[in-house]
Amino acid sequence: MTELMADAAARVSSLLAQMTLDEKLAQIVGLWEGEEGDAVAPLQGELAHTGPVADAMAHGLGHITRAYGTNPVDADERAAWLWDRQRFLVNETRLGIPAIVHEECLTGLNAWKAATLPTPLAWGAAWDPALVRHAAALVGETMRDLGIHQGLAPVLDVVRDPRWGRTEECIAEDPYLVGEVGTAYVEGLQSAGVHATLKHFVGYSASQSGRNFGPVAMGERTLRDVMLVPFEMALLDGGAHSVMHAYTEIDGMPVAANPALLTDLLRGEWGFDGTVVADYFGVAFLHLLHGVAADLGDAARQALEAGVDIELPTGDAYLAPLKAALEDGRADMALVDRAVARVLAHKAELGLLDEDFSGPPPTGVDLDSSAHRDAARRLAEESVVLLTNDGTLPLAADAGRSIALIGPNADRAQALFGCYSFTNHVLAQRPGIEMGFAAPTVLEALGGEGLGAVTFVAGCAVDDGDRSGFADAVAAAASADVAVMAMGDHAGLFGRGTSGEGCDRDDLELPGVQRALVDAVLDTGTPVVLVLLTGRPYVLDWALERCAAVLQAFFPGEEGAGAIAGVLSGRVNPSGRLPVTLPRSTGAQPYTYLHPALGGDGEVSNLSTTPAAPFGHGLSYSRFAYGDLATATTAATEAGLTVALTVTNESDRDGSDVVQLYGHDLVGQVTRPVAQLLAFARVEVPAGATRHVTLTVPPARLAFTGREMTRIVEPGDWDLWVGTSADREASVRVTLVGDVHTVTAAGTRRSSATVA
């Protein structure tokens with residue numbers, strides 16, 4: 001391995017020494033052919049373009065941008081196009097270096113007819129890193145077969161305000177859950193030879209008022225202890241090869257121009273040696289939006305100095321403007337050489353320096369194989385959260401039962417997908433073009449469960465004020481034995497949806513007149529089962545009080561409707577747990593369970609912070625009991641913790657429980673959260689059986705940033721419990737002993753579990 005690394009380093013140095021300025025600049029940009037017409041990136045179409053890609057590649061090229069995911073193109077035809085482009089680079093440019101091809105893969109490969117997984121928020125609700133790793137490996141295999149080298153995922157932003165439209169792209173509000181699941185995605189994708197790109201580094205999700213691109217006001221301690229934790233895990237434990245900077249400005253400093261984050265922390269503290277890529281147009285935004293750069297050449301200089309190696313998706317700043325800045329002395333050539341060397345090293349690691357593309361392009365790649373669908377189904381089934389149930393569910397098979405299926409998301413396949421699905425990302429702007437894969441709606445899936453005669457009435461749209469359908473919905477419900485109401489969001493981009501990038505909300509009520517429709521149906525007296533297909537948690541205290549049952553699904557993907565119907569019928573025993581707190585009111589935001597004492601209820605304010613449902617909440621058709629919770633009474637600060645317990649299924653049906661271990665550091669040199677997730681395990685427990693679970697918590701999970709701004713574990717007492725963040729089903733106290741332990745980059749940041 002050392003010899004291979006030395007050989008690659010020598011080749012990079014040799015290539016760099018031969019390059020002209022134009023050839024160097026070509027290696028640190030991506031180019032995007034065919035992006036015109038479909039707005040799938042912020043301010044797309046308002047920036048300068050480099051002209052036809054074939055002309056721009058004369059000196060080489062760093063990245064080919066979104067070869068498959070911009071337009072509905074046949075995969076075989078696009079692969080042939082891509083191989084032609086790569087052969088041109090190999091055979092018609094002086095140095096013959098192919099380009100890295102990158103593509104979005106947030107909910108599966110973002111390409112026409114490709115399998116579409118549940119959104120990352122659903123991954124968080126499943127609490128199953130092993131399944132996410134498996135699904136990501138399948139996605140990576142498809143990408144590799146199509147000649148794609150780099151995936152722009154996972155999103156490791158920690159949810160801080162669910163009004164933010166991109167909440168659906170995030171995994172959870174807990175940094176450890178985000179890190180554990182996100183690291184699994186990295187491992188899966190990279191096991192197939194496709195490099196993962198962590199985004200958005202860092203702080204993006206903490207924007208003011210939940211507005212996209214909004215400024216962030218956050219102290220360094222919170223940044224380190226919350227926002228940076230998942231990135232640290234995915235880089236140091238998962239070995240991610242690339243990082244994408246955030247559009248964010250933190251305390252007035254845009255990340256894209258911040259060397260303290262992109263160089264000192266990322267490379268100095270953590271030892272990252274991969275590439276930092278720009279979020280689309282992010283370098284130009286230093287001039288156009290942030291106003292910290294006088295022009296695009298100045299923006300290029302600042303980004304290079306900070307540590308942004310590659311400008312995506314075009315060369316608006318790193319081509320002509322940077323060249324001019326270099327020629328007149330405003331920019332340093334050494335910074336260009338540094339970035340080019342990193343790009344070439346990345347290509348060497350991918351094997352691209354030895355790839356000539358002389359063979360035929362791929363054909364017949366199965367974009368939606370049975371393996372993909374099985375992974376999508378399992379993720380969907382595990383991610384559905386049963387929030388409340390008065391015993392109405394599950395619905396037994398009954399041919400004589402009448403079911404009124406009501407709601408705008410009941411017969412709409414698009415309601416199953418997030419904004420980075422190809423369906424809602426691209427096809428939403430191409431009416432009339434088929435999705436190209438099977439995605440049964442809730443109406444279709446429910447009809448296959450044999451639960452009774454189903455009558456469908458939409459009742460209203462997702463997000464308008466039209467109540468003309470209320471009367472038909474009320475009539476259908478009044479004459480039915482049960483009403484199933486499929487409500488929620490429509491994912492889109494830049495205001496074209498109620499959830500998604502650029503689709504922020506200033507309240508957390510269900511969009512449009514949906515709540516009024518639910519209330520009208522509830523007033524009939526017919527039992528109502530509310531099914532939510534959303535990209536964020538909404539204010540639902542009223543629904544939890546009045547509905548017979550409430551199911552939460554976070555855009556559950558192509559197999560999602562079957563998962564929902566299965567939970568309704570009992571074919572699927574629900575096991576999802578909330579990855580985000582269910583808010584009590586919009587005015588209580590921003591809120592997270594991970595808060596110090598004064599962030600919760602108390603006598604100093606008349607306002608309650610108690611949520612409608614806590615982080616980690618979720619019901620099952622099985623009944624689980626915890627016992628024998630035990631740990632040593634003392635543990636060394638440098639050793640971490642080991643906790644053992646039993647989980648017994650006291651019901652007559654098999655089920656899966658998510659064991660959640662929380663802790664509270666009673667006294668700290670800085671304020672500490674009242675609850676903190678330390679470890680978890682998804683455990684399958686047959687009816688009447690008991691499982692023995694052992695959870696191992698490394699020191700990094702107990703650490704925090706102290707007064708000297710170093711991450712430490714202090715001696716002192718901790719309360720530990722299993723349950724949810726708010727509900728303690730069994731608890732124990734442990735005392736950490738010894739000296740203050742400083743946590744470094746060495747050692748794992750991931751807890752582990754064994755089940756017997």
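Rule-based calculations on the coordinates, nothing more; no lab input. Just so you know, these numbers come straight off a predicted model, no measurement behind them. In this analysis, Cβ positions are derived from the backbone assuming ideal geometry, glycine residues included, and neighbour counts consider all displayed protein chains.
Worth a mention:
- Stretch gain in nm, segment Ala9-Asp74, where the contour uses 0.36 nm per residue and the Cα spacing is subtracted: 19.6 nm
- DSSP-defined beta bridges in the chain - what % are antiparallel, rounded to 5: 55 percent
- Sorting the segments 720-730, 176-186, 478-488, 264-274 by their residues' average number of neighbouring beta-carbon atoms within 10 angstrom, most packed first, yields 176-186, 478-488, 720-730, 264-274.
- Among the GluC sites (Glu not before Pro) found in the range 603-711, those both in a DSSP coil and sparsely packed, with 10 or fewer other Cβ atoms within 10 Å of their Cβ, are Glu603, Glu708.
- Length-normalised contact order of the chain in % [C-alpha pairs under 8 Å, at least 6 apart]: 13 percent
- Gly576 long-range amide H proximity, modeled H, under 5 Å: Val384, Leu386
- In the range 385-599, a dipole from Cβ-located charges (positive for Lys and Arg, negative for Asp and Glu) runs towards its positive end, and of Val518, Leu386, Thr498 it is Leu386 whose Cα lies farthest in that direction.
- Inter-part distance where the range 354-390 and the range 561-621 are each reduced to a Cα centre, Å: 29 Å
- Computed extension length for Thr710-Arg571: 45.0 nm, one decimal, from 0.36 nm per residue of separation with the Cα-Cα distance subtracted.
- Neighbourhood charge, 14 Å Cβ-Cβ cut-off, centred on Ser479 and excluding it, Lys, Arg +1 and Asp, Glu -1: -1
- Each Lys or Arg adds one and each Asp or Glu takes one away; over the other residues whose Cβ falls under 15 Å from the Cβ of Glu327, this sums to -1.
- From most to least packed by mean Cβ count within 10 Å, the peptides 540-548, 151-159 give 151-159, 540-548.
- Positive-end ranking of Val365, Val659, Leu446 along the dipole of the chain, with charges on Cβ about the Cα centre, is headed by Val659.
- Separation of the range 313-343 from the range 84-114 is 22 Å, based on Cα centroids.
- Dipole magnitude of the chain, debye to nearest 20 (Cβ charges: Lys/Arg +1, Asp/Glu -1, about Cα centre): 800 debye
- Least to most buried among Arg224, Arg78 (fewest other Cβ within 10 Å first): Arg224, Arg78
- Non-local Lys pairs in the range 2-354, i.e. 8 or more apart or on different chains, that have alpha carbons under 28 Å apart: 6
- Label separation (Ala461 vs Glu684): 4.5 nm, computed from points 7 Å beyond Cα along the C-beta direction.
- Counting only DSSP H runs of at least 4 residues, each contributing -39500 (n - 2.57), and dividing by the residue count of the chain, the helix-based mean residue ellipticity at 222 nm comes to -7500 deg cm²/dmol.
- Taking the fewest neighbouring Cβ atoms within 10 Å as the starting point, the ordered list for Ser383, Ser575, Ser369 is Ser369, Ser575, Ser383.
- Summing Lys and Arg as +1 and Asp and Glu as -1 over all other residues whose Cβ lies under 14 Å from the Cβ of Thr524 gives a net charge of -3.
- Across the range 611-634, the residues whose backbone nitrogen lies under 17 Å from the label position 7 Å along the beta-carbon direction of Val732 are 625-634.
- Orientation-averaged projected area, Cα convex hull of the chain (nm²): 32.0 nm²
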